[in-house]
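Scroll down for the structure; my scribbles are underneath it.
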Amino acid sequence: MLKNVEEGAFHEIFIEKGFSVLKLQNNKDSITYYKREVDSSYIQLHYCVKGNSKFNFNNNTYTFNVLDKHAIFLYNPQQSLPIDLEILPKTHLISVLITIEKFHSLFSEEAGYIPFLSEDNKNKKYYDNTPIKSNVLMVLQQLFSATNHSSVKKLYVKGKIYELLSLHFDSGESANEEYCPFLVDDREVLKIRKAKDVIISRMSDPPSLPELANEVGLNLKKLKEGFKQIYGDTVYSFLFDYKMEHARKLLESNQYNVNEVGLQVGYSTSSHFIAAFKKKFGNTPKQYVMSLNK
């Protein structure tokens, strides 16, 4: 059911018994909240497709962030892990809730390839926080773009969720390759990957879109469409997220002050950098560093 409530907009799709998907979106300019009971028999996979969010546990005695384009994997057979989530502005998440029994039935033949399913770990709590792979991100974007009221929506989502899980746990060499089934010309894929490398290497002074398209040898339309298909975002939105992640790591190193970090990621004034960082993470750079020290 689709709800627009004080806590935010969410849509829960029941795939089958013990298996459901949550689509959580906060398109507002303020933080929204989402709570849901989840008992100890469930595995939780949370994908932050865009933005930033924070999970609170044990009455806020400890918290952790789910950063942009990162996924967390949670399981604790010893206690329930109810969802108590703060969703920052302009954030989109997809969460998969699946019982351990159902999960084992899906991967029983491949259990040896998934550390979580090993004999030593199957009754232990488990936590993992990893960047979302490009092929997984593509499926997540397709799930968000699906209409909510289609007659075949449940079947479509079910197929995509099975694809999502298989890609998430695929440890093969192809798991980290950037590809797009809609871009049949491999040369175009290479050019778009080159465009990504160009804007990252020159993030403090990036080229304009026409300049970038000319440099990698694509027309502007193919660059825009292909980049979004592969990386799930526009060129400059992707670059903004990358710059903020890079800035966050520089701050964590304790080797640079706020002004120096801002200059490294292309902000000539500290006030503009501080505003951008707060827009991304909900805290100023100084507040973020102070939270690390705590």
Within segment 263-284, how many residues are open to solvent by less than 80 Å² (accessible area, probe 1.4 Å) and either modelled with pLDDT under 90 or over 15 Å from D241 (Cα atoms) (or both)?
8
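The rows are residues; the columns are (1) in contact (Cβ under 8 Å) with a residue 40 or more places away in the chain; (2) farther than 30 Å from N293 by Cβ.
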site: V216; (1), (2): no, yes
site: L239; (1), (2): yes, no
site: N259; (1), (2): no, no
site: Y267; (1), (2): no, no
Given (1) at pLDDT 90 or above; (2) assigned to a helix (DSSP H, G or I); (3) over 14 Å from A195 (Cα atoms), identify the lone condition not met by S291.
(1)
Is it the case that segment 229-243 has a residue that's over 25 Å from P285 (Cα atoms), in contact with a Pro (Cβ under 8 Å, 6 or more places away or on another chain), open to solvent by 10 Å² or more (accessible area, probe 1.4 Å) and not aliphatic (A, V, I, L, M)?
no
With the requirement that a residue be modelled with pLDDT under 90 and not in a helix (DSSP H, G or I), what does segment 227-262 give you?
G232, D233, T234, S253, N254
When you go through (1) more than 16 Å from Q25 (Cβ to Cβ); (2) crowded, with 20+ Cβ neighbours inside 10 Å; (3) of a type in the set (D, E, K, R) one by one for K102, which number turns out not to apply?
(2)
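Is it true that L22 is modelled with pLDDT of 90 or more and touching a Cys at 6+ places or on another chain (Cβ under 6 Å)?
On the way: modelled with pLDDT of 90 or more: yes; touching a Cys at 6+ places or on another chain (Cβ under 6 Å): no.
No.
The values are calculated or read from the model by the stated rules, or taken from the named source; none is laboratory data. Treat the numbers as computed from the prediction; the structure is a model and nothing was measured. Cβ coordinates were reconstructed from backbone atoms using ideal geometry, including for glycine residues, and neighbour counts include every protein chain displayed. Surface accessibility is based on the protein's heavy atoms, side chains included, excluding ligands, DNA and RNA. Shrake-Rupley method; radii C 1.70, N 1.55, O 1.52, S 1.80 Å.
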